[in-house]
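Reviewing the structure listed below.
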Amino acid sequence: MSSPRTLFQKIWDSHLVRPETPETPAVLYIDLHLVHEVTSPQAFSELRQRGLKVRRPDQTIATMDHSTPTTPRGADGRIPVTDAQAAAQLGQLVRNCADFGVPLFELGDAKQGIVHVIGPEQGITQPGMTIVCGDSHTSTHGAFGALAFGIGTSEVGHVLATQCLLQSRPKTMEVRVDGTLRPGVTAKDIILAIIAKIGTGGGTGYVLEYTGSAIRSLSMEERMTICNMSIEGGARAGLVAPDEKTFEYLRGRPGAPAGAAWDRAVEQWRELSTDEGASYDTLVTLDADSLRPMITYGTNPGMGMPIDASVPDPADLSEESQKAGLQKALDYMGLQAGQPLLGNRVDVVFVGSCTNSRISDLRVAANAIRGRKVAPGVRMMVVPGSQVVKRQAEAEGLREIFEAAGAEWREAGCSMCIAMNGDQLSPGQYAVSTSNRNFEGRQGKGGRTFLASPLTAVASAIRGRVADARELVEKLPVTPGSPA
Amino acid sequence: MEPIRSFTSRVVLLPIENIDTDQIIPARFLKVTDKAGLGEALFSDWRYNEDGSQKADFVLNHPGSKGANVLFAGDNFGCGSSREHAPWALVGFGFQAVISTFFADIFRNNALKNGLLPVMVEPAVHQKLFADLRANPAAEVTVDLASQTLTLPDGGKVSFPIEPFAKHCLLNGVDQLGFLIGEEDAIQAYEASRPARVVTSQVA
């Protein structure tokens, strides 16, 4: 009789090529390696220098997302890349994938998109797998009960060459969210509240497992929003145990098993939950019933608060270093301690990123903005997470709704979340953004970011000021989080 | 990689908490396909004016920072993105160690792959070191990986944790990829024990 294990421990144990010893880390097998243009070139160069091959190109897939423009296609149907350095980097990925036999979704390809959108969309993100990518938001895939985490470029090289990583076993944290979300409060608000509670470094050294009735009631895409931002609390990975919603989401997708193999897979996936009696290293709880829409006021994702709260005062903090940190953030943001954020100026509204660019996010946003207008002086960009999402949204008429409201409809990519592709804020501009990071300059040098949900973003676009999403849902029959 | 020896250096003071990798190296510098020149862009938005001139009040631009190999930073250094460009930029500038109370996981891993030592000290030590260095900016510290000790300006020694395998690799110039390649037989045995979960060519 084996002792009860957490979901994390089950996945970890089943991927040990060699267990950890006092002298050496574990050799952990990787089932799926996702690759993009920014963090892979130096890794492929390393392989070339050493005369190595990609060990498992059949377990590797590449896309273009970070440095790709999201501007409309030209008359030739292609998306023009005017930045020479970006073009060179994208060209390098094409050559690397061709030389090493790695499948690639090129810019403009019917399946191209943000790396963390395409994995689930194609059905290659599956429960119980180990998934890595040279990108910290790889934690997104944990929504399927996969152990998924970001790695650096040296480790990208390790996985390309050996399909393995040297890893020390992390600790586990249960994040239990019970209760029912109120109208206007969404998955994004849950994760912003968790990060505000544990702090931007609170999950360091941990893998999070999200549990509780509020998590169970979320759709797969909402769970992805939550797991996506695990890294913003310092945790490399976040997990949700798979259930019927997970299986239904995957059924029939191109990379998912079919026929008898599907039945066998589901049977195995049903084993992937934390056993009764298994213990986590630590526990954090959150009450969904009392949650309000959340927004960040500062320069890291832990600096978040309910949207109707006042900006905190450095004088109320005990540690000198914390006072200095908060004051620095408020100075950068151009905010005063004690002021409300509701009613603050907004220049740009960005709906997109690997956090909130899936079809259900776009449905929620479109439903909320239908028949309304983006306020004068506000630029609203809607950037679908993938070409598949874009086509689906267009087929459902969402593009027309956004364009009629005065929003821009763009090609798929990371866009203004990373601001290395032409989409960015000007110095001093304020954005309400559905992305994941509000670091100084993250959305453009000197730009100032308020992180929030798609509903809050739309409410703010309509008002032209930071606005409370609950105002929208009181007036409109909006159900946040459509099934998808 | 060259084996790491003990070194003694002045310390650049950047006592800010939660310094993220977007500050260490902003995303617009990530459009490169090699590692060259990233030291010039280290802390770019804090370090340079709009016209490219140096901001005189930023610590990296102080004369005393020239040639220093150790950076002192606030809690949770290196949070945010997985970009290995962050340690590449720090090493490119000349840093061999960063002192903080704790480091973000991915940054820490990346630093250790590049010979940049994450020197983690207790908050009380961190505070005292900061006070001592502020009083005497020319004071030096010694970082000794073999004994895992940081020698403070007052001669006191504190130990810092480091993963045994990373330490072994750094002290002996052992290459981690080479070590993994040496596990080929075990990897093959593992693969033989179970079929691949996905076949990516199936969706491409």
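Report, in deg cm²/dmol and to the nearest 500, the calculated mean residue ellipticity at 222 nm for chain B, where each DSSP H run with n ≥ 4 adds -39500 (n - 2.57) and the sum is divided by the residue count.
Counting only the DSSP helices, I get -8000 deg cm²/dmol.
Among B:32, B:11, B:125, which one shows the biggest mean-square fluctuation in a GNM of chain B, springs joining Cα atoms closer than 10 Å?
B:32
With the dipole of region B:6-192 worked out from charges on the C-beta (+1 for Lys and Arg, -1 for Asp and Glu) around the Cα centre, which of B:126, B:188, B:89 lies farthest toward the positive end?
Ranked along the dipole, the leading option is B:126.
How big is the antiparallel share of DSSP beta bridges in region B:6-192, given as a percent to the nearest 5?
Close to 45 percent.
With a cap of 13 neighbouring Cβ atoms within 10 Å, and only residues DSSP puts in a loop, list the GluC sites (Glu not before Pro) found in region B:90-194.
Passing both the DSSP loop test and the Cβ count: no residue.
Only loop residues by DSSP count here, and only those with at most 13 other Cβ atoms within 10 Å; note down the trypsin sites (Lys or Arg not before Pro) in region A:47-118 that meet that.
The qualifying sites are A:53, A:73, A:78.
Can you find, among B:162, B:135, B:11, the residue farthest towards the positive end of the dipole of region B:6-192? Put +1 on the C-beta of Lys and Arg, -1 on that of Asp and Glu.
Farthest towards the positive pole: B:135.
May I ask you to list the chymotrypsin sites (Phe, Trp or Tyr not before Pro) in region A:297-379 that are in a DSSP loop and have at most 12 other Cβ atoms within 10 Å of their Cβ?
Counting only loop positions with at most 12 other Cβ atoms within 10 Å, none of the chymotrypsin sites (Phe, Trp or Tyr not before Pro) in region A:297-379 qualifies.
How much net charge surrounds residue B:44 when only other residues with a Cβ under 14 Å from its Cβ are counted (Lys, Arg +1; Asp, Glu -1)?
Here the charged neighbours net out to 0.
Can you tell me the alpha carbon radius of gyration of chain B divided by the globular rule-of-thumb value 2.2 N^0.38 Å?
Here the answer is 1.16, to two decimals.
Which of B:100, B:69, B:111 sits farthest toward the positive end of the charge dipole of region B:6-192, with +1 on the Cβ of Lys and Arg and -1 on the Cβ of Asp and Glu?
Farthest towards the positive pole: B:69.
Give me the net charge for the shell around residue B:68: Cβ to Cβ below 12 angstrom, other residues only, Lys and Arg +1, Asp and Glu -1.
+1
Hey, got the average number of other protein chain Cβ atoms within 10 angstrom for residues in A:154-165?
The mean count of partner-chain Cβ atoms within 10 Å per residue comes to 5.
Of all DSSP beta bridges in the protein assembly as shown, what percent run antiparallel (nearest 5)?
Percent antiparallel among DSSP bridges in the protein assembly as shown is about 30.
Could you give the semi-axes, largest first, of the ellipsoid that matches region B:66-149, computed as the square roots of 5 times the alpha carbon gyration tensor eigenvalues and rounded to whole Å?
Whole-Å semi-axes of the equivalent ellipsoid: 21, 15, 12.
Could you please report the charge total around residue B:114, scoring K, R as +1 and D, E as -1 over all other residues with beta-carbon less than 13 angstrom from its beta-carbon?
Once all neighbours under 13 Å are counted, the net charge is -1.
Need one value: the accessible area of residue A:114 in square angstrom, 1.4 angstrom probe, rounded to the nearest 10.
Residue A:114 exposes around 0 Å² with every protein chain in place.
List the extent of the Cα atoms of the protein assembly as shown along each of their three principal axes, largest first, rounded to whole Å.
So the extents along the principal axes, rounded to whole Å, are 70, 61, 57.
Packing-wise, with mean Cβ within 10 Å as the measure, how do B:79-86, A:279-286 rank, highest first?
B:79-86, A:279-286
What is the mean number of Cβ atoms from other protein chains located within 10 Å of the Cβ atom of each residue in peptide B:73-80, rounded to a whole number?
If you average over the peptide's residues, the count of other-chain Cβ atoms is 6.
Helix-derived [θ] at 222 nm for chain A: sum -39500 (n - 2.57) over DSSP H runs of at least 4, divide by residue count, nearest 500?
That comes out to -9000 deg cm²/dmol.
Please give the peptides A:201-207, A:356-362, A:396-402 ranked by average Cβ packing (other Cβ atoms within 10 Å per residue), highest first, as a rough proxy for protection.
The most tightly packed comes first, giving A:356-362, A:201-207, A:396-402.
Accessible surface of residue A:418 in the full protein assembly, 1.4 angstrom probe, to the nearest 10 Å²?
Residue A:418 has an accessible surface of roughly 10 Å² with all protein chains in place.
Using only atoms on other chains, find how many Cβ atoms lie within 10 Å of each Cβ of peptide A:294-300 and report the average.
Counting other chains' Cβ atoms within 10 Å and averaging over A:294-300 gives 2.
Would you tell me the accessible area of residue B:62, worked out with a 1.4 angstrom probe on the heavy atoms of the protein chains, in Å² to the nearest 10?
80
The values are calculated or read from the model by the stated rules, or taken from the named source; none is laboratory data. Please read all numbers here as calculations on a predicted model, not as lab measurements. Using ideal geometry, Cβ is built from the backbone for each residue, glycine included, and neighbour counts are taken over all protein chains shown. Ligands, DNA and RNA are stripped out before the accessible areas are found, and what is left, the full protein with its side chains, is counted by its heavy atoms. Shrake-Rupley method; radii C 1.70, N 1.55, O 1.52, S 1.80 Å.
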